[in-house]
Structures are given as structure tokens and as C-alpha cells.
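Everything below concerns the one structure shown next.
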Amino acid sequence: MSVFAIIAARLAKAALTLLCIAVLNFCLLHAAPGDPAVVLAGEAGAADEQMIEQLRERFGLDQPFGVQLWKYVSGVAQLDLGYSFRQGAPVIELIADRLPATLLLTGAAFVISLVCGIALGVAAAARVGKPQDSLLTTFALLFYATPLYWAALMAVLVFSVWLGWLPGFGYETVGAGYTGMARIIDIAQHLVLPALTLGLFFMAVYMRMTRASMLEVSTADFVKTARAKGLSDAVIRRRHILRNAILPVVTLAGLQAGQLIGGAVLTETVFAWPGIGRLMFESLAARDYNTILGVFLVSAAMVIAFNIVTDIVYRLVDPRIGARA
């Protein structure tokens with residue numbers, strides 16, 4: 001199959017998957033306890049039954065469940081995610097405002113974790129059995145076992161509060177009025193701590209996977225043949241071992257890329273990063289059903305997109321897969 005045929009097939013499956021996810025999320029969320037009308041009425045200081053009924057009627061919460069589900073699914077098919085009765089704006093606009101910050105954070109964390117993880121895994125495999133290998137493996141295990149929230153709090157405490165090297169909160173310096181390159185540098189400084197914190201766990205996973213995969217491939221017959229031909233260890237490691245050992249790492253990275261979205265919820269909350277993860281956290285407390293559903297759906301779409309990209313990259317790294325497909 002050609003790459004275009006593969007993409008078309010994946011997109012068709014993705015559309016069906018998103019439809020099922022939208023229906024399932026709607027059913028589960030409406031089965032959860034809590035009434036957004038009661039929350040809004042309470043915040044307005046008029047939590048009487050008449051006010052609550054008016055709010056239910058205004059936002060369509062008084063309609064039968066089947067009618068609400070049909071309206072929601074119909075809206076999703078038209079890229080209409082509904083209206084946030086909490087923030088008084090269309091959900092699609094709220095997500096569009098926050099999505100670039102989340103993509104920047106998760107993209108930076110993904111690149112950092114994958115590049116550093118593979119590099120450290122190669123270094124550990126090249127020095128297997130030596131003190132450097134033990135040191136790298138120990139650090140990887142430490143990062144793997146460290147809870148994300150604890151790492152985030154310690155990063156703020158050490159690098160922002162104690163050392164004062166990096167800003168600990170926010171997307172950029174409020175009121176600074178930076179433009180051009182100065183603004184880019186300011187955002188990059190704010191990005192360092194949340195991106196590193198979010199990427200530490202996955203970096204440890206990729207490092208251990210790369211090390212184990214390289215050690216396994218290094219015993220293959222074609223590697224022994226390359227050594228018999230007199231090729232240097234550096235050439236063998238780069239051209240023969242790493243190229244084949246990286247395949248399971250690419251697969252794992254594609255599967256875990258979607259988990260970055262879940263990790264971003266906690267990271268964005270701790271670092272006050274204005275992304276969709278923080279938007280979802282705020283919406284949960286306010287029982288803002290439409291916004292929660294919108295964030296869930298966009299997050300699912302991002303996970304599916306990561307998987308499609310992984311399939312394409314996998315075939316580019318190993319053309320034999322495309323030949324068998």
C-alpha cells in the first residue's frame with residue numbers, strides 16, 4: 001500500500017473512532033453526579049428551584065437524554081463543540097485559544113524525551129557493564145519512579161525559588177510587553193521547566209528501551225558479518241545496530257505520545273501553563289460539561305493523530321513494513 005492509501009484508511013478509522021469516543025464520553029459524563037445548573041445558580045447566589053429550572057431550560061439540560069446526545073453528536077459532525085455556559089463563549093474558541101500552548105508544551109516534551117532518551121540509551125549500550133552504564137541506568141530508574149507532581153514542585157522550588165535561574169509559572173512574563181525575538185526567548189524560558197518535567201518519565205522509558213534493544217540487535221548475525229568485514233564499531237553502531245534497534249522505540253514513542261496529553265493536565269496546573277489541560281481542570285470543578293467534552297474529544301483526536309504519524313514514520317524507518325502492508 002502507498003503512504004496516501006494508508007493515510008486515507010487511517011483517517012476513515014479515526015473518524016469512526018472519534019464518533020464512538022464522543023458518544024461514550026457524553027454518556028459517561030452525564031452519568032456522573034452533579035448538576036451544572038445547581039453550580040451556576042449557587043455561584044449567582046440564587047440557588048432556588050425556579051432559578052435552577054431556568055438555567056436547565058436555557059442550556060438544554062431539561063431535554064431528554066437522547067435529544068441532548070443527538071444534538072451533541074450532530075454538532076460534533078459539524079465541528080461545533082457547543083457553548084460553554086461557564087465562560088460564556090463557544091467551546092471551539094476556548095480550545096483554539098489554549099491548544100497552541102498545549103501543543104508547544106507536549107511537542108517540546110516529546111522531542112526532549114525522545115532525543116535525550118535515545119542518546120542516553122545508545123551511550124549506555126556502548127558502555128554496558130561499565131560504571132557509566134550503571135550510572136545512566138540508575139538515573140533512568142530514578143526518573144521513571146518519580147511522581148510527576150513531585151518532580152514539578154521540586155523543579156519550581158530548586159530552579160525558580162532557590163536558584164532563580166528560570167521562571168516557575170505562566171506562559172510568558174505578564175506586563176512585559178515583549179515582541180519579536182524577545183518574546184520568543186521569554187516563552188522559551190517559561191517552557192523549560194514544564195517541558196523537562198513532563199519529558200523526564202518518558203525519557204527514562206526510551207533510554208531503557210533503546211539500551212535493551214541495541215544489546216539485543218548487537219548479537220544478530222548481520223552485525224557479526226559487519227564486524228567480520230572490518231567496519232569500525234562506530235559505523236556498525238550507527239548504520240546497523242541503531243537503525244534496527246530504534247524500531248521498537250518509535251512504536252513505543254507513538255503509543256506513549258498520547259499519554260503526554262494526560263500528563264499535561266497536571267503539569268499545566270502546577271506551572272500555571274494556559275493549555276487545554278488546565279482548561280479541563282477548571283471545567284471539571286465548574287461542571288462545564290460542554291467544555292469538558294470538547295477537551296476530551298480534541299485530546300482523543302491528538303492521540304489518534306500521533307498514532308497515524310507513528311505508522312508513517314515506522315514505514316519510513318523500515319521500508320520492509322510498507323512492502324508487506
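The values are calculated or read from the model by the stated rules, or taken from the named source; none is laboratory data. Source: prediction; values computed, not measured. Methodologically, a virtual Cβ is constructed for each residue, glycine included, from the backbone with ideal geometry; neighbour enumeration extends over all protein chains shown. All accessible areas refer to the heavy atoms of the entire protein, side chains included, with ligands and DNA or RNA removed. Shrake-Rupley method; radii C 1.70, N 1.55, O 1.52, S 1.80 Å.
Taking the condition of being assigned to a loop (DSSP other than H, G, I, E, B) and touching a residue at least 40 places away in the same chain (Cβ under 8 Å), how many residues in the stretch 52-108 meet it?
Of the residues in the stretch 52-108, 5 are assigned to a loop (DSSP other than H, G, I, E, B) and touching a residue at least 40 places away in the same chain (Cβ under 8 Å).
On the given criteria, is Arg86 modelled with pLDDT of 85 or more and basic (Lys, Arg)?
Considered against the rule, which asks whether it is modelled with pLDDT of 85 or more and basic (Lys, Arg), Arg86 comes out as no.
Can you tell which of Phe222, Phe281, Phe271 is under 30 Å from Leu157 (Cβ atoms) and either among the basic types (Lys, Arg) or open to solvent by 50 Å² or more (accessible area, probe 1.4 Å) (or both)?
Testing whether each residue is under 30 Å from Leu157 (Cβ atoms) and either among the basic types (Lys, Arg) or open to solvent by 50 Å² or more (accessible area, probe 1.4 Å) (or both) leaves just Phe281.
Could you please give the count of residues in the stretch 129-142 that are β-branched (Val, Ile, Thr) and open to solvent by 100 Å² or more (accessible area, probe 1.4 Å)?
Residues meeting the conditions: 0.
Let me spell it out: the conditions are (1) surrounded by 12 or more Cβ atoms within 10 Å (Cβ to Cβ); (2) in a loop (DSSP other than H, G, I, E, B); (3) modelled with pLDDT of 80 or more, and Leu196 meets all of them except one. Which number is the exception?
Result: Leu196 passes all but (2).
Mind listing whichever residues of the stretch 247-275 are touching a helix residue (DSSP H, G or I) at 6+ places or on another chain (Cβ under 7 Å), within 22 Å of Ile308 (Cα to Cα) and of a type in the set (A, V, I, L, M)?
Leu247, Val249, Val250, Leu252, Ala253, Ala257, Leu260, Ile261, Ala264 - these are the residues of the stretch 247-275 that are touching a helix residue (DSSP H, G or I) at 6+ places or on another chain (Cβ under 7 Å), within 22 Å of Ile308 (Cα to Cα) and of a type in the set (A, V, I, L, M).
For the stretch 143-167, which residues satisfy the criterion of being farther than 23 Å from Glu216 by Cβ, open to solvent by 80 Å² or more (accessible area, probe 1.4 Å) and touching a residue at least 12 places away in the same chain (Cβ under 8 Å)?
Passing the criteria: Tyr149, Leu153.
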